[in-house]
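Take a look at the structure below.
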Amino acid sequence: MSSISKIEHEDLDQLTYKTLKKMILDGQLKQGEKIVQDTLANLLGVSRTPLRRAISQLIQERLIENNGRGTFVKQHTQEEIIAAFEIRAVLEGLASRLCVRYMTDADIRGLEELFKKAMAEITDEDWSAYREADREFHNRISKHAKSEMLSGILDQFQVLGITYLKGLTRPPQETIVDHLNIIQALKNRSEDEAERAAIAHIRKSIEAMKSIAN
């Protein structure tokens with residue numbers, strides 16, 4: 001009986017964490033917004049204990065901060081996001097290199113299908129299908145690198161991008177070329193080519209962010 005209670009307790013902690021994280025990603029909790037724990041616990045229907053654990057985990061992931069005045073959804077500066085993307089460029093390059101070793105031909109065809117479907121669905125006004133394909137593409141690159149540590153770090157950078165950029169930094173007509181270059185490098189089974197293509201892709205987005213900031 002005690003083991004069953006423990007599993008239920010752990011499930012509640014994880015569910016609270018996932019729900020709170022989704023609220024941040026979806027913009028229900030805004031950047032810089034103060035987190036009032038009693039109010040949020042009532043809203044989620046949980047006690048403050050699992051909520052505190054969820055907040056602690058999200059502080060480690062740099063989505064929440066405690067700055068002495070209270071607990072807030074973290075508000076990153078443009079400079080911090082750009083710095084994070086500089087690191088992400090190197091790590092995505094490494095992940096793409098590893099994908100050359102571990103992705104099957106079927107896995108690579110799956111990446112092609114992602115964008116084939118997305119490009120058929122987008123319009124000038126609605127890029128949502130492509131945005132989802134973009135996220136899934138990077139998730140698959142991370143997953144197929146077969147490195148739990150690397151995937152965990154890349155997931156945090158992906159979350160930062162989703163939370164603070166709220167969309168694509170460049171239009172699909174530009175980034176589709178980058179994605180297809182990465183896919184072609186994977187098909188060629190060239191680790192160096194895949195790494196270069198992935199780094200170039202992220203760095204072009206960094207330049208786009210810098211131009212927006214200016």
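The values are calculated or read from the model by the stated rules, or taken from the named source; none is laboratory data. Values in this document were obtained by computation on a predicted structure and should not be read as measured data. In this analysis, Cβ positions are derived from the backbone assuming ideal geometry, glycine residues included, and neighbour counts consider all displayed protein chains.
Laid out as a table, the results:
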quantity	calculated
Residue identified as touching a Leu at 6+ places or on another chain (Cβ under 9 Å) and either farther than 22 Å from Leu29 by Cα or modelled with pLDDT of 95 or more (or both) among Leu63, Leu98, Leu51	Leu98
Test: Asp192 is surrounded by fewer than 17 Cβ atoms within 10 Å (Cβ to Cβ), of a type in the set (Asp, Glu) and closer than 30 Å to Ile59 by Cβ	no
Close pairs (9 angstrom Cβ cut-off, 6 or more residues apart or separate chains): under 20 Å from Ile183 (Cα atoms) and among the basic types (Lys, Arg) in the range 144-156, part of a loop (DSSP other than H, G, I, E, B) and modelled with pLDDT of 90 or more anywhere	none
Residue that is closer than 21 Å to Glu191 by Cα and at pLDDT 95 or above, where the choices are Leu91, Leu154	Leu91
Selection count, the range 91-109, where residues are touching a helix residue (DSSP H, G or I) at 6+ places or on another chain (Cβ under 7 Å) and either farther than 21 Å from Ile206 by Cβ or not charged (D, E, K, R) (or both)	11
Helices (runs of 4 or more DSSP H) enclosed by the range 89-190 - at least 3 residues per element that are more than 30 Å from Met23 (Cβ to Cβ)	105-121, 172-188
Residue that is surrounded by the fewest Cβ atoms within 10 Å (Cβ to Cβ), among those in the range 57-104 that are free of Cβ contacts under 8 Å to residues at least 12 places away in the same chain and more than 19 Å from the chain's Cα centre (by Cα)	Gly68
